[in-house]
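All remarks here apply to the structure that follows.
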Amino acid sequence: MAATLRYRGNKNNLVEIAKTLDAFKKVPEKYTETTEIGGTLSLISRLLIIYLIYREIQYYQDAKLKYQFEPDTETEKVQMHVDITVAMPCSSLSGVDLMDETQQDVFAYGTLQREDVWWKLEPEEREEFERQQHLNHFLREQYHSVADVLFKDIIKTSELNHPQKESKRPSSPHEKYDACRLHGTLGIHKVAGVLHMVGGAQPVVDMIGDHLMIGFRRLPSNFTHRINRLSFGQYAKRIIQPLEGDETLVPNEQTRVQYFLNIVPTEIHNTFSTINTYQYSVTENIRVLDGDGSSYGSPGIYFKYDWSALKIVVRTDRENLINFTIRLCSIISGIIVISGILNFILVSVQKTLLRIFAPQLLKKRLKESPESTPSAKPNNVNDSTPTPQLIVNSNNLIYTANTMSTQVTPLIPTTQNEKNNG
């Protein structure tokens with residue numbers, strides 16, 4: 001059986017002890033005085049408290065961003081999102097493959113879907129594409145100025161948006177498709193690799209003497225292309241993708257277009273979630289191949305990418321909730337104390353000026369104040385008891401003590417001599 005402790009003393013004494021330890025003394029309302037200055041200062045101080053609390057909450061929510069570099073230890077595959085339109089039919093575009101340093105099968109990363117489309121856009125589509133193009137170019141030029149704004153917007157909204165797919169006009173029997181749209185998602189490793197798109201070739205049989213020679217002849221190709229989307233990882237609309245909205249015109253079919261991408265992992269920490277996305281910088285190189293041996297390679301479009309060993313971690317640099325609460329309490333208490341000091345100074349100055357320039361008005365105010373108003377007469381006091389002349393005193397405690405002393409009935413019994421004399 002468990003032993004319990006009991007307090008056998010008087011619990012009322014504990015209540016009295018607790019009252020004596022009260023550091024917040026309560027002043028009776030009849031000992032307080034209200035003034036116009038005090039009311040005005042009270043209204044101003046309360047409005048100021050509400051405004052400052054509102055501004056502090058806004059400042060707490062709109063905290064600064066802190067950027068850190070950490071080693072990237074993630075080894076899983078990353079999604080590569082592609083949506084590119086090439087200005088030649090899909091039948092003329094033979095090689096669309098991805099290879100990296102792991103030397104795996106090209107089909108291990110997934111395949112891009114091919115869709116025959118027209119290169120020329122409708123007026124509405126062209127307007128939307130040019131709007132996206134101008135916006136992306138502006139963000140690339142002003143990146144260091146708007147980076148904080150973009151990241152804060154991502155942290156507040158936590159939205160993962162996807163660009164709209166290019167619409168396809170209804171087919172016409174008299175108009176052939178002149179472009180090929182390649183779109184889809186590939187799962188790539190975090191190693192250097194290349195995504196290439198090359199033109200097709202047609203086998204040709206030639207007679208050389210008595211021998212048949214089988215060769216290949218390249219089909220007419222046009223590597224003019226439009227990049228609608230090229231991103232990595234989770235797609236956030238406010239993350240700048242440098243190649244999105246880019247349109248490159250290639251007039252010579254013997255042209256090699258190369259993009260060198262340096263991909264940087266980016267981790268954006270929100271209050272309750274984390275967005276793992278990727279940013280990249282790009283360098284473009286367009287080179288025309290000739291047949292004199294001074295240049296080498298195959299014409300086509302090449303996206304060569306490599307990965308950074310460090311990742312960028314973006315998080316808000318705000319203080320904890322306890323410190324924020326303490327700062328709010330200090331603001332409220334500071335305003336109350338300062339308003340009390342101002343009230344005391346202004347009331348003292350007012351009374352001094354009235355005493356000098358309008359003493360009659362000051363006497364009238366003192367008579368109307370609660371300090372000079374006599375208390376109500378108690379009901380148990382005998383009417384026949386003579387009431388001494390009341391002396392108005394500015395101290396209400398002294399006045400109350402004088403009144404109670406005149407109302408005390410003698411408790412000492414009278415002697416026989418006193419009765420005879422009476």
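Okay, residues lined up against (1) at positive phi; (2) among the β-branched types (Val, Ile, Thr); (3) at pLDDT 65 or above:
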position	(1), (2), (3)
Leu5	no, no, no
Asn12	no, no, no
Lys19	no, no, yes
Asp22	no, no, yes
Lys25	no, no, yes
Thr32	no, yes, yes
Glu36	no, no, yes
Gly39	no, no, yes
Ser42	no, no, yes
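Can you work out which of the residues in segment 300-320 that are hydrophobic (A, V, I, L, M, F, W, C) and either open to solvent by 70 Å² or more (accessible area, probe 1.4 Å) or more than 18 Å from Lys77 (Cβ to Cβ) (or both) is nearest to the chain's Cα centre (by Cα)? So that I can check it myself, show each step before the final result.
As a first pass, look at segment 300-320 and keep what is hydrophobic (A, V, I, L, M, F, W, C): 301, 303, 307, 309-310, 312-314.
Narrowing further to those that are either open to solvent by 70 Å² or more (accessible area, probe 1.4 Å) or more than 18 Å from Lys77 (Cβ to Cβ) (or both): 301, 309-310, 312-314.
Numbers: Ile301: 40, Ala309: 28, Leu310: 25, Ile312: 18, Val313: 15, Val314: 12 Å.
For segment 300-320, the residue satisfying everything is Val314.
Cβ-Cβ distances below 7 Å connect the following pairs, each with a first residue in segment 231-260 that is farther than 22 Å from His134 by Cα and in a strand (DSSP E or B), a second residue that is modelled with pLDDT of 85 or more and of a type in the set (Gly, Ala, Ser), and a separation of six or more residues or different chains: Arg256/Gly300.
Yes/no per residue for (1) assigned to a helix (DSSP H, G or I); (2) touching a helix residue (DSSP H, G or I) at 6+ places or on another chain (Cβ under 6 Å); (3) at pLDDT below 90:
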residue: Thr283; (1), (2), (3): no, no, no
residue: Phe303; (1), (2), (3): no, no, no
residue: Ser333; (1), (2), (3): yes, no, no
residue: Ile341; (1), (2), (3): yes, no, no
residue: Lys351; (1), (2), (3): yes, no, yes
residue: Arg355; (1), (2), (3): yes, yes, yes
residue: Lys364; (1), (2), (3): yes, no, yes
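Checking Glu284, Glu253, Glu244 one by one, the residue that is open to solvent by less than 40 Å² (accessible area, probe 1.4 Å), in contact with a Ser or Thr (Cβ under 9 Å, 6 or more places away or on another chain) and charged (D, E, K, R) is Glu244 and no other.
The values are calculated or read from the model by the stated rules, or taken from the named source; none is laboratory data. A quick note: this is a predicted structure, and the numbers were derived from the prediction, not measured. Reconstructed Cβ throughout: ideal geometry from the backbone, glycine too, with neighbour counts over all protein chains shown. Just so you know, the surface numbers come from the protein's heavy atoms only, side chains and all, with ligands and any DNA or RNA stripped out. Shrake-Rupley method; radii C 1.70, N 1.55, O 1.52, S 1.80 Å.
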